[in-house]
Structures are given as C-alpha cells and as structure tokens.
Amino acid sequence: MPAISHTYAPRNSSSLDVHRVAFESIVARELSLGRFLGPFSQASIESYIGHFQTSPISLTPKPHKPDKFRLVQNFSFPHTPRNGTRSLNSFVSSDDYPCTWGTFNTTALMLSRLPPGSQAAVRDIAEAYRNLPLHPSQWPGAVVRYSDADEFLLDTNTAFGFTSNAGVFGYPGDALSDVLRFVGMLNEKWIDDYLVARILCAHIDAYNASNAARRLDVQQRGGRHHTGGRYWYGGRPLDDGRVEEFSHDFAFPVRDLSGTSPRSLSDAVFNCCLQDLDDVYASLGVPWQTEKDQAFASVFTFTGFVWNLDERTVALDEEKRVKYCWNVVDPRMCACGSGARENALEMG
C-alpha cells in the first residue's frame, strides 16, 4: 500500500441504513474480537497513523441465510480517479501475490488418479481472511467509516475484496496444505475450502510409485510455474496441447495413519480419517468451521461441483445448475408465467 497523501472517506452504501441493526451487530462482534478498534474521530486516527482512505461498505445477505449479512468493502472505489484519489485496489496486482489453487482441472486430475474405493472429505476454515492480522503500515488503507458523523473504525485484519488478500491468505493456506501432505494426507484447496482424499491402505504402495513418476515429470518440465496469481506444477503433455496441471510437486508420499489413533473398522482400512486431520491442526490453532464438514464419502461437493468417485462423474450442484439454466433461458419467458419458466428449467 503506497503512502496516502490526503484523507478520503466516501459515504457508505444506503444498505447500512436499511440493515442498521445487522451492521451494529457485526461491528460489535469485530470490536469484541479486537479486529476493529474505535470508534475514533478523523483527527484522532490521523494523529495515530496519518492520512487514511476508507472504502464504501455495504451489507449483502449470506447465501441461504437471508437473516445473516456479510460486510463488503468496495476497495475498487472510486472506479475512476477523483481529484487525484485512486481506489486502493488500483495500487495492487494480484499477480504479485500468487498461491496454489485447486482449479477444476487440478482437482479433476487428482481425483481421476485415485485408486478404486477412495473417498474424500471437505472442510472449511472459519473466517479465513478475518483471522489474518495486517501489518500496521497497511492500516491507513483499512479504516472503516462507521457513520456519517465523525466516527471511524480501524480494521486491523485482512478483509474480503482487497485484490491481494486471496494471495495473502494463500501463503498460510499453502503451508497448511503442505503440512497435510508432509504427514501423508492428500488434499486440494480453493481459498479456505479444503478437500482431503483418502485411499485404501492396500493401494498405498502402488499409488506412491505412480506419484514418484509424476514427481520426475514435474522436475523435468521446470518445476513450479507462475501464471497470473497462481502457482502450479506442469506434468505430461495432453492430447489437446495443454499439459497436466498439479498444485504440488509430489514431494511427500501418502502414509498409512490408520494406527496412530483409535478408529472405527470402516475407517481403519483407509490411510487416514477426520481425527487425523484434527490431530494435525490442533496444535496450530486452525479455526475449522466444523458445522460445514462433509464427512468422508465417495460423493461430495467441492467448488460448486458434485464429484462421484465410484462412477467417476462430475456435475454442477443443484443450486448452480438452476442458476445457469436461468442465464440461458430467453428473458421473454419471464412474461409467460411460472409454467413456462418451470418447463425451461426442466429442459435444462
């Protein structure tokens, strides 16, 4: 973040007035957790950190939770410079903050290579961005306008919407993935969503031998690549001219963790279970959002796709299927009544 030469504090969205109770609840929680400091007057903040710039905030309902709201900061405002003021995002390129991503291609390739009988579980990190503290040098760009009066809050943690923060979270996120691989657990990640795969112990030796060959492929093709805001590792050429894309270099073999702690007979035939995941991160303080856990199974949802390992298929989940069907339905059908819309969705 460059030095800010003059204070700029645009008004927030009118959604804060409509949902003031929800906004006050969010602020109270952030203050109680020590992530927000204040409120302060403009003069007080300037005496602490110098000139600052706020980004307009709004409230949007959380998916499937109409009574819950997410605070969104528009770090791309103003969209065009105003009187010498540029948006905070305009100073930053996400390409400078790369990390690995469990893209569709990367995930599909990893899952397609699992031996028969494999399963996967999915787990989220709670409030991923909000658990990362900002360096004080970044605070001038992290001030929040609390009201139209002379009241401001200092946000000391990373926030969703700032261009670099996916990569900023990606640094510890990649480390968490590598820790899992180091102890012998397969995984892919998409920001704060982690997919952990497990294989039958009977297949471990053959699977590791295959991965050893993949590691040689990666080394022979230049190791790690950097494209945009993404790190990836290239493998063998594909028929369409592309190459295999992986999120790691196969440095660590899959390990049999079935004897490390008590587990059910159904879990004992696999190389790991959820308890192993808990044991790895208990000492690291990773705040898992366990209520969103998907237990180990052959069918699971990850990054909006339903993956079926037994049938070796992948499909959009129902929510996205309906959403995309609406995107291709002729808008004129909207005037034809609910029957026409239902027929259109059935055709989708």
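The values are calculated or read from the model by the stated rules, or taken from the named source; none is laboratory data. Keep in mind the model is a prediction, meaning the values are calculated, not measured. Glycine also receives a Cβ, built like all others from the backbone with ideal geometry; neighbour counts cover every protein chain displayed.
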Worksheet item: Which of (1) farther than 25 Å from Tyr97 by Cβ; (2) touching a strand residue (DSSP E or B) at 6+ places or on another chain (Cβ under 7 Å) is the odd one out, the single condition Leu195 does not satisfy?
Response: (1)
Fill in: Residues of the range 5-40 satisfying the condition of being farther than 17 Å from Pro56 by Cα and in contact with a strand residue (DSSP E or B) (Cβ under 7 Å, 6 or more places away or on another chain)
Glu30, Arg35, Leu37, Gly38, Phe40
Fill in: Residue ID - farthest from the chain's Cα centre (by Cα), chosen from residues in the range 112-145 that are within 22 Å of Lys189 (Cα to Cα) and in a helix (DSSP H, G or I)
Ser112
Worksheet item: Restricting the range 259-281 to residues that are hydrophobic (A, V, I, L, M, F, W, C) and without any contact (Cβ under 8 Å) to a residue 40 or more places away in the chain, which is surrounded by the fewest Cβ atoms within 10 Å (Cβ to Cβ)?
Response: Leu265
Worksheet item: Considering the range 178-211 alone, what residues qualify as being small (Gly, Ala, Ser) and surrounded by 15 or more Cβ atoms within 10 Å (Cβ to Cβ)?
Response: Gly184, Ala197
Worksheet item: How many residues does the range 26-50 contain that are surrounded by 13 or more Cβ atoms within 10 Å (Cβ to Cβ) and either outside the structural domain of Thr80 (by TED's automatic domain parsing) or more than 19 Å from Thr158 (Cα to Cα) (or both)?
Response: 7
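Table: residues versus (1) over 25 Å from Asp278 (Cα atoms); (2) of a type in the set (Asp, Glu); (3) more than 26 Å from the chain's Cα centre (by Cα); (4) crowded, with 16+ Cβ neighbours inside 10 Å.
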site	(1), (2), (3), (4)
Ser147	yes, no, yes, no
Ser164	yes, no, no, yes
Ala213	yes, no, yes, no
Gly234	yes, no, no, yes
Asp240	yes, yes, yes, no
Discussion item. Of all residues being in contact with a Phe, Trp or Tyr (Cβ under 8 Å, 6 or more places away or on another chain) and at pLDDT 95 or above in the range 51-72, which is surrounded by the fewest Cβ atoms within 10 Å (Cβ to Cβ)? Just the residue, please.
Written reply: Pro56
Discussion item. Need pairs with beta-carbon distance below 8 Å; first residue under 20 Å from His64 (Cβ atoms) and within the range 312-327, second of a type in the set (Ser, Thr, Tyr) and assigned to a helix (DSSP H, G or I); sequence gap 6+ or separate chains.
Written reply: Leu316/Tyr324
Worksheet item: What do you reckon, is Phe169 closer than 30 Å to Tyr207 by Cα and in a helix (DSSP H, G or I)?
Response: no
